[in-house]
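Read the structure below first, then the notes.
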Amino acid sequence: MNARLKSNLEVAGIYLVFGIMTIIIVYPIIWAIGMSLNSSTSFYSSSIIPENWSLDHYKWLFTDPNSDYLNWYKNSMIVSGASAIFSVIMTSLVAYAFSRYNFVGKKSGLYTFLILQMFPAMMAMVALYILLNLVGLLDTLTGLILIYVGGQIPFNAWLVKGYLDTIPRELDESARIDGAGHLTVFLRIIMPLAKPILAVVALFNFMNPLFDFLLPSIILQSSENYTLALGLFNFINDQFSNNFTRFAAGAILIAAPVAILYLFLQRYLISGLTAGGTKG
(Lines give C-alpha, C1' and ligand atoms only; values in the text may rest on other atoms or scores of the structure.)
Protein backbone atom coordinates (compact mmCIF):
# COMPACT_ATOMS: atom_id res chain seq x y z
CA MET A 1 0.00 0.00 0.00
CA ASN A 2 1.58 3.24 -1.12
CA ALA A 3 1.67 6.35 1.01
CA ARG A 4 -0.92 8.21 -1.09
CA LEU A 5 -3.52 5.45 -0.79
CA LYS A 6 -2.87 5.14 2.93
CA SER A 7 -3.32 8.88 3.38
CA ASN A 8 -6.60 8.83 1.42
CA LEU A 9 -7.94 5.96 3.55
CA GLU A 10 -7.05 7.82 6.74
CA VAL A 11 -8.84 10.96 5.51
CA ALA A 12 -11.86 8.88 4.47
CA GLY A 13 -11.95 7.24 7.90
CA ILE A 14 -11.83 10.63 9.61
CA TYR A 15 -14.69 11.95 7.48
CA LEU A 16 -16.67 8.77 8.14
CA VAL A 17 -16.32 9.24 11.91
CA PHE A 18 -17.28 12.91 11.58
CA GLY A 19 -20.29 11.96 9.46
CA ILE A 20 -21.52 9.40 12.00
CA MET A 21 -21.08 11.84 14.89
CA THR A 22 -22.91 14.54 12.94
CA ILE A 23 -25.86 12.23 12.38
CA ILE A 24 -25.94 11.26 16.07
CA ILE A 25 -25.90 14.93 17.13
CA VAL A 26 -28.13 16.48 14.46
CA TYR A 27 -30.84 13.78 14.20
CA PRO A 28 -32.38 14.40 17.67
CA ILE A 29 -32.31 18.16 17.04
CA ILE A 30 -34.17 17.76 13.75
CA TRP A 31 -36.71 15.53 15.49
CA ALA A 32 -37.23 18.10 18.24
CA ILE A 33 -37.74 20.89 15.71
CA GLY A 34 -40.12 18.73 13.70
CA MET A 35 -42.12 17.78 16.79
CA SER A 36 -42.41 21.41 17.87
CA LEU A 37 -43.94 22.31 14.50
CA ASN A 38 -46.50 19.48 14.48
CA SER A 39 -50.06 20.62 15.05
CA SER A 40 -50.94 17.68 17.33
CA THR A 41 -49.82 17.24 20.93
CA SER A 42 -49.18 13.48 20.86
CA PHE A 43 -45.70 12.04 20.54
CA TYR A 44 -46.81 9.05 18.45
CA SER A 45 -48.74 11.09 15.90
CA SER A 46 -45.81 13.47 15.32
CA SER A 47 -43.45 13.21 12.39
CA ILE A 48 -39.96 14.49 11.75
CA ILE A 49 -41.27 16.47 8.76
CA PRO A 50 -44.70 17.90 9.67
CA GLU A 51 -47.41 17.62 7.04
CA ASN A 52 -49.27 20.62 8.42
CA TRP A 53 -46.72 22.62 10.32
CA SER A 54 -47.85 25.16 12.89
CA LEU A 55 -46.40 27.64 15.40
CA ASP A 56 -49.30 27.12 17.81
CA HIS A 57 -47.13 25.42 20.42
CA TYR A 58 -44.72 28.35 20.55
CA LYS A 59 -47.64 30.77 20.85
CA TRP A 60 -49.14 28.65 23.64
CA LEU A 61 -45.93 28.81 25.68
CA PHE A 62 -46.01 32.61 25.75
CA THR A 63 -49.72 33.40 25.76
CA ASP A 64 -51.65 30.66 27.55
CA PRO A 65 -52.45 31.48 31.22
CA ASN A 66 -51.84 27.82 32.17
CA SER A 67 -48.24 28.02 30.97
CA ASP A 68 -45.51 29.03 33.43
CA TYR A 69 -42.89 28.91 30.69
CA LEU A 70 -42.04 32.61 30.76
CA ASN A 71 -41.52 32.49 34.52
CA TRP A 72 -39.27 29.44 34.21
CA TYR A 73 -37.34 31.16 31.43
CA LYS A 74 -36.86 34.23 33.61
CA ASN A 75 -35.65 32.10 36.52
CA SER A 76 -33.17 30.29 34.28
CA MET A 77 -31.80 33.55 32.91
CA ILE A 78 -31.38 34.91 36.45
CA VAL A 79 -29.59 31.78 37.68
CA SER A 80 -27.44 31.33 34.56
CA GLY A 81 -26.55 35.01 34.25
CA ALA A 82 -25.69 35.42 37.93
CA SER A 83 -23.70 32.16 37.95
CA ALA A 84 -21.68 33.27 34.92
CA ILE A 85 -20.94 36.75 36.31
CA PHE A 86 -20.04 35.71 39.85
CA SER A 87 -18.06 32.68 38.63
CA VAL A 88 -15.92 34.93 36.44
CA ILE A 89 -15.31 37.31 39.35
CA MET A 90 -14.53 34.62 41.93
CA THR A 91 -12.51 32.47 39.58
CA SER A 92 -10.36 35.34 38.32
CA LEU A 93 -9.51 36.40 41.87
CA VAL A 94 -8.69 32.86 43.03
CA ALA A 95 -6.70 32.00 39.91
CA TYR A 96 -4.76 35.27 40.06
CA ALA A 97 -3.77 34.60 43.67
CA PHE A 98 -2.57 31.06 42.88
CA SER A 99 -0.78 32.16 39.72
CA ARG A 100 1.02 35.27 40.98
CA TYR A 101 1.58 34.89 44.73
CA ASN A 102 3.48 32.49 46.95
CA PHE A 103 1.80 31.76 50.26
CA VAL A 104 1.54 29.02 52.85
CA GLY A 105 -0.73 26.24 51.62
CA LYS A 106 -0.58 27.17 47.94
CA LYS A 107 0.40 23.71 46.74
CA SER A 108 -2.02 22.04 49.15
CA GLY A 109 -4.81 24.28 47.90
CA LEU A 110 -4.12 23.38 44.27
CA TYR A 111 -4.06 19.68 45.09
CA THR A 112 -7.31 20.08 47.02
CA PHE A 113 -8.93 21.67 43.97
CA LEU A 114 -7.66 18.79 41.85
CA ILE A 115 -8.98 16.15 44.25
CA LEU A 116 -12.38 17.83 44.52
CA GLN A 117 -12.83 17.45 40.76
CA MET A 118 -12.52 13.68 41.10
CA PHE A 119 -15.75 13.32 43.08
CA PRO A 120 -19.14 13.49 41.34
CA ALA A 121 -21.57 16.21 42.36
CA MET A 122 -24.08 13.56 43.44
CA MET A 123 -21.98 12.83 46.53
CA ALA A 124 -22.61 16.33 47.90
CA MET A 125 -26.35 16.57 47.22
CA VAL A 126 -27.47 15.57 50.71
CA ALA A 127 -24.95 17.88 52.39
CA LEU A 128 -25.95 20.80 50.14
CA TYR A 129 -29.62 20.21 50.89
CA ILE A 130 -28.97 20.24 54.65
CA LEU A 131 -26.71 23.30 54.40
CA LEU A 132 -29.24 25.36 52.43
CA ASN A 133 -32.00 24.29 54.81
CA LEU A 134 -29.94 25.45 57.82
CA VAL A 135 -29.28 28.91 56.34
CA GLY A 136 -32.83 29.35 55.04
CA LEU A 137 -31.93 29.31 51.34
CA LEU A 138 -33.70 26.09 50.38
CA ASP A 139 -36.19 26.54 47.54
CA THR A 140 -34.62 29.85 46.50
CA LEU A 141 -32.79 30.97 43.38
CA THR A 142 -30.13 32.56 45.60
CA GLY A 143 -29.24 29.23 47.15
CA LEU A 144 -29.08 27.60 43.72
CA ILE A 145 -26.77 30.34 42.42
CA LEU A 146 -24.43 29.98 45.42
CA ILE A 147 -24.14 26.22 44.84
CA TYR A 148 -23.35 26.68 41.15
CA VAL A 149 -20.76 29.40 41.76
CA GLY A 150 -19.02 27.57 44.61
CA GLY A 151 -19.11 24.19 42.93
CA GLN A 152 -17.36 25.40 39.79
CA ILE A 153 -14.47 27.20 41.51
CA PRO A 154 -12.05 24.19 41.66
CA PHE A 155 -12.30 23.39 37.95
CA ASN A 156 -12.40 27.02 36.80
CA ALA A 157 -9.49 28.01 39.03
CA TRP A 158 -7.26 25.32 37.50
CA LEU A 159 -8.32 26.34 34.00
CA VAL A 160 -7.78 30.08 34.49
CA LYS A 161 -4.55 29.62 36.48
CA GLY A 162 -3.07 27.67 33.57
CA TYR A 163 -3.86 30.57 31.27
CA LEU A 164 -2.53 33.23 33.65
CA ASP A 165 0.73 31.31 33.96
CA THR A 166 1.30 31.96 30.26
CA ILE A 167 1.17 35.75 30.78
CA PRO A 168 4.74 37.02 31.38
CA ARG A 169 5.42 38.19 34.93
CA GLU A 170 7.56 40.97 33.50
CA LEU A 171 4.36 42.84 32.72
CA ASP A 172 3.44 42.83 36.42
CA GLU A 173 6.89 43.95 37.44
CA SER A 174 6.96 46.78 34.89
CA ALA A 175 3.60 48.04 36.10
CA ARG A 176 4.72 47.97 39.73
CA ILE A 177 7.89 49.92 38.84
CA ASP A 178 5.56 52.57 37.37
CA GLY A 179 3.70 52.73 40.68
CA ALA A 180 0.75 50.40 40.01
CA GLY A 181 -0.67 48.52 42.96
CA HIS A 182 -1.89 44.93 43.09
CA LEU A 183 -5.48 45.82 42.19
CA THR A 184 -4.37 48.00 39.28
CA VAL A 185 -2.17 45.23 37.89
CA PHE A 186 -5.03 42.77 38.24
CA LEU A 187 -7.71 44.96 36.63
CA ARG A 188 -5.77 46.85 33.95
CA ILE A 189 -3.12 44.36 32.85
CA ILE A 190 -4.04 40.78 33.72
CA MET A 191 -7.79 40.86 33.14
CA PRO A 192 -7.68 42.39 29.65
CA LEU A 193 -5.15 39.75 28.61
CA ALA A 194 -7.26 36.99 30.20
CA LYS A 195 -10.44 37.78 28.24
CA PRO A 196 -10.30 34.53 26.17
CA ILE A 197 -10.24 32.20 29.17
CA LEU A 198 -12.77 34.29 31.08
CA ALA A 199 -15.08 34.02 28.07
CA VAL A 200 -14.78 30.24 28.30
CA VAL A 201 -15.61 30.33 32.02
CA ALA A 202 -18.58 32.62 31.40
CA LEU A 203 -20.00 30.39 28.66
CA PHE A 204 -19.58 27.14 30.61
CA ASN A 205 -21.10 28.61 33.76
CA PHE A 206 -23.98 30.07 31.80
CA MET A 207 -24.78 26.78 30.09
CA ASN A 208 -24.52 24.49 33.10
CA PRO A 209 -27.46 25.88 35.12
CA LEU A 210 -29.53 26.26 31.97
CA PHE A 211 -29.43 22.54 31.18
CA ASP A 212 -29.03 21.08 34.66
CA PHE A 213 -31.96 19.11 36.03
CA LEU A 214 -30.62 17.19 39.02
CA LEU A 215 -29.58 20.02 41.34
CA PRO A 216 -32.70 22.21 40.81
CA SER A 217 -34.91 19.15 41.36
CA ILE A 218 -33.40 18.73 44.84
CA ILE A 219 -33.23 22.39 45.89
CA LEU A 220 -36.31 23.93 44.25
CA GLN A 221 -39.71 22.81 45.46
CA SER A 222 -42.12 25.58 44.40
CA SER A 223 -43.35 25.72 40.82
CA GLU A 224 -42.79 29.48 40.62
CA ASN A 225 -39.06 28.94 41.33
CA TYR A 226 -38.50 26.21 38.74
CA THR A 227 -35.78 26.61 36.12
CA LEU A 228 -36.42 25.56 32.52
CA ALA A 229 -35.02 22.04 32.77
CA LEU A 230 -37.02 21.26 35.89
CA GLY A 231 -40.12 23.07 34.67
CA LEU A 232 -40.18 21.31 31.31
CA PHE A 233 -39.78 17.92 32.97
CA ASN A 234 -42.74 18.54 35.23
CA PHE A 235 -44.48 20.08 32.26
CA ILE A 236 -44.84 16.63 30.67
CA ASN A 237 -44.58 14.49 33.80
CA ASP A 238 -47.53 15.85 35.74
CA GLN A 239 -50.30 17.99 34.38
CA PHE A 240 -49.55 17.67 30.66
CA SER A 241 -48.16 14.15 30.45
CA ASN A 242 -49.04 13.80 26.75
CA ASN A 243 -47.82 17.25 25.72
CA PHE A 244 -44.56 16.27 24.06
CA THR A 245 -44.82 18.69 21.15
CA ARG A 246 -45.08 21.70 23.47
CA PHE A 247 -42.21 20.25 25.48
CA ALA A 248 -40.15 20.12 22.26
CA ALA A 249 -41.02 23.75 21.46
CA GLY A 250 -39.93 24.84 24.93
CA ALA A 251 -36.70 22.83 24.66
CA ILE A 252 -35.81 24.38 21.30
CA LEU A 253 -36.10 27.90 22.73
CA ILE A 254 -33.54 27.07 25.45
CA ALA A 255 -30.84 27.11 22.79
CA ALA A 256 -31.48 30.76 21.86
CA PRO A 257 -29.58 32.50 24.71
CA VAL A 258 -26.69 30.02 24.46
CA ALA A 259 -26.36 30.66 20.72
CA ILE A 260 -26.42 34.43 21.25
CA LEU A 261 -23.77 34.25 23.98
CA TYR A 262 -21.63 31.91 21.88
CA LEU A 263 -21.72 34.26 18.90
CA PHE A 264 -20.83 37.18 21.17
CA LEU A 265 -17.85 35.34 22.73
CA GLN A 266 -16.80 33.33 19.69
CA ARG A 267 -13.61 35.25 18.96
CA TYR A 268 -12.28 34.46 22.46
CA LEU A 269 -13.30 30.81 22.84
CA ILE A 270 -10.75 28.95 20.71
CA SER A 271 -7.70 30.74 22.08
CA GLY A 272 -9.06 30.47 25.62
CA LEU A 273 -9.64 26.72 25.47
CA THR A 274 -6.28 25.93 23.86
CA ALA A 275 -4.13 28.23 26.00
CA GLY A 276 -5.86 27.36 29.27
CA GLY A 277 -4.53 23.82 29.22
CA THR A 278 -0.89 24.56 28.43
CA LYS A 279 0.24 24.98 32.03
CA GLY A 280 -1.14 23.90 35.37
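A few points about this structure:
- Excluding same-chain neighbours fewer than eight residues apart, the lysines reachable from Lys59 by a Cα-Cα span under 18 Å are Lys74.
- In the chain, the calculated helix contribution to ellipticity at 222 nm averages -23500 deg cm²/dmol per residue, counting -39,500 (n - 2.57) for every DSSP H run with n ≥ 4.
- Largest first, the three principal axis extents of the alpha carbons in the chain are 71, 70, 35 Å in whole numbers.
- Taking the average, over residues, of other Cβ atoms within 10 Å as the packing measure, peptides 220-228, 132-140 rank 220-228, 132-140 from highest down.
- For the residues Ser83, Ser67, Ser99, a GNM of the chain with alpha-carbon springs under 10 Å puts the largest fluctuation on Ser67.
- Modelled this way, with points 7 Å down the Cα-to-C-beta line, the labels at Leu263 and Ile20 are 3.4 nm from one another.
- Accessible area of the chain belonging to carbon and sulfur atoms, whole % at 1.4 Å probe: 68
- Residue-level accessible surface for Asp68, protein heavy atoms, 1.4 Å, Å²: 70
- Ignoring aspartates and glutamates fewer than eight residues from Lys195 along the same chain, the ones with Cα atoms less than 20 angstrom from its Cα are Asp165, Glu170, Asp172.
- Using 0.36 nm per residue and subtracting the Cα-Cα separation, the extra length available between Thr112 and Ile189 on full extension is 24.9 nm.
- Across Asn156, Asn205, Asn66, mean-square fluctuation computed from a Gaussian network of the chain (C-alpha pairs under 10 Å connected) peaks at Asn66.
- Taking all protein chains as they are arranged and a probe of 1.4 Å, the heavy atoms of Leu55 leave approximately 80 Å² accessible to solvent.
- Counting all C-alpha pairs of the range 54-167, share separated by more than 18 Å (%): 64
- Acute angle (nearest 10 degrees) that the helix 141-164 long axis makes with the longest principal axis of the chain, alpha-carbon atoms: 50
- Efficiency of FRET between Leu70 and Ala97 - r from beta-carbon atoms, R0 35 angstrom, step 0.05: 0.30
The values are calculated or read from the model by the stated rules, or taken from the named source; none is laboratory data. This one's a predicted model, so the numbers in the text were calculated from it and none came from an experiment. Positions of Cβ are backbone-derived with ideal geometry, glycine not excepted, and every protein chain shown enters the neighbour counts. These accessible areas exclude ligands, DNA and RNA; they are computed on the full protein's heavy atoms, side chains included. Shrake-Rupley method; radii C 1.70, N 1.55, O 1.52, S 1.80 Å.
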